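Single-structure report; data block below.
Read the figures in this text as sums done on the coordinates, not as results from a lab. The structure presented is a predicted model; accordingly, all values stated were derived computationally and were not measured. When we count neighbours, we look across all protein chains shown, and the Cβ atoms used for this are built from the backbone with ideal geometry, even at glycine.
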Amino acid sequence: MREQHTVIDDTPERSVLARLILPQTHVPEDPIEELHGLATTAGTQVVGELIQRRATVDHGTYLGKGKVEELRLLVEKTQADVVIFENELNPGQTRNLEKAIGTKVLDRTELILDIFAAGARTYESRLAVELAQLEYSLPRLKRLWTHLSRQAMGVGMRGPGEKQLEVDRRLAQKRIHDLKQELGKVESRRARQVASRKDAPTVSLVGYTNAGKSTLMNALTAAGVQAEDKLFATLDTRTRRWQLPHWGTVLLSDTVGFIRDLPHSLVASFKATLEETRCADLLLHVADASSPNVFDQISAVYKVLSELEIEEKDTLLVLNKIDAIDSPAMLNRVLDRYPNAIPVSAWESKGLGLLTEAVGEALSREFLELRVTIDPADGKLLSYLAARAELISQQFNSDSVLSHIRIAAAAVGPIYQSAVNVEQIHRGTAGEETEESSEHTPAINVTSPTTEQATDVA
Ligand SMILES: Nc1nc2c(ncn2[C@@H]2O[C@H](COP(=O)(O)OP(=O)(O)OP(=O)(O)O)[C@@H](O)[C@H]2O)c(=O)[nH]1
Ligand SMILES: [Mg+2]
């Protein structure tokens, strides 16, 4: 029998990065740094960079003819396997560039989709990525098809190439339809799941990719989630219990990071994964204060949130990585614009006390702590509380039920309507009751959530 050898080539692909900058384009200090990060995350070794400033796009090859030749020589010299463009290319441009340069050509969107495809682990994120990839390629398939059909216009001239594309297009459309249906189901299942475990207020970490969300989650809850110096290290949502001193338990979620000009199809298809964020009572927007592009990154995150139709809600801006900031002036520049932001270093566990206090305070704005006396026969109110409130304790007596609860201010209406008595508890910053304190015998049936930290409740 002949021996079989499998050769695994694990040398990374060598990439050259390219970008065309049009007039009036707002570019960061280093216009190719982020693409560099993406290319590295995707597993390539960056061996060259080329930037052209030009008044217009060349319709055929995107870059001007001279620059294309320069790119070809650079690829030859660096022995690159792939050229990655910051700009979005149309299929014709990709084809022409590939022909002129003699290597594979990708654009930023394809690169991001590739990173997501490689990193997606859960069923829902895999579905989301596949949908985004198909939606990205379908119009390209279409455009290609239109272009071919114009060439083959004569009667009886429908060539096999065109037929194949038509078949591909139909298959892609069918798959997109199925994926959307399946994702819709996953989305509502997820929404039910998130709603059903609402036994505590929910806080969701959001932010630009690599800002330090997972590191902060670990620092706050000892969660042990993966944090890495790479873009899109996190693609799935993880939720942990977080004990806020003097406040109680909250559910803290870490989720996928955002990026400037995130492909729209990708944003849309990640809705199921972002269900926790949609339902959260409070958002912690983590920004990398040591990045020269921090302002752009903060606005990009707000933009994606609105694209996701995540309604505006209470948000605390957290300025992370202050340990990596060289000059105080830089931090002040950010604080001048966002005076309520909370500077922290997740890495060195600095500023976390203040952050915790701010979260407690923000949640208290939205939540009321009440002692409610209920008629034991009022099953409707009892089940309402079980579904909507966090039950800190509950005591069943023969003629009354005494519930100590925390509940969203917006949901107290039915309680005031049918409870026998309602007492509101006000707390000082140290957590002591400052008003309307009352003697409270220990509860018989304590149903407060577990105080265990770092429990995966996802
Ligand atoms: N110097 C410094 N580095 C930090 C800090 N917090 C996080 N980092 C580093 O920043 C990188 C990204 O951290 P992550 O926690 O993975 O960031 P993320 O926001 O979860 O990123 P994605 O999941 O990829 O979107 C890692 O190399 C961390 O070690 C910090 O406070 N200071
Ligand atoms: Mg992460």
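Of note:
- Residues LEU316, LEU89, arranged from fewest to most other Cβ atoms within 10 angstrom of their Cβ, appear as LEU316, LEU89.
- Note that region 43-51 has calculated 3J(HN,Hα) couplings of x, 9, 9, 7, 10, x, 9, 9, 10 Hz, one per residue in order, obtained from phi through the Karplus relation 6.51 cos²θ - 1.76 cosθ + 1.60 (θ = phi - 60°); glycine and proline are x.
- Counting only aspartates and glutamates at least 8 places from LYS185 when in the same chain, those with an alpha carbon closer than 12 Å to its own are GLU124.
- Candidate lysines - alpha carbon under 22 Å from LYS380, same-chain residues fewer than 8 apart omitted: LYS198
- Residue by residue, region 249-259 carries 3J(HN,Hα) couplings of 8, 10, 9, 10, 10, 10, 9, 4, x, 9, 8 Hz when phi is fed to the Karplus relation 6.51 cos²θ - 1.76 cosθ + 1.60 (θ = phi - 60°); x denotes Gly or Pro.
- Averaging 1/r over each pair of different alpha-carbon atoms in region 237-281 and inverting the result gives 12.2 Å, the Kirkwood hydrodynamic radius.
- Region 14-115: C-alpha gyration tensor shape, a/c 1.5 cut-off, then a/b vs b/c: rounded
- Enclosed volume per residue, in Å³, of the convex hull spanned by Cα atoms of region 219-361: 114 Å³
- Placed amide H near ILE342: partners under 5 Å, 5+ positions off or other chain: LEU317, VAL318, LEU319
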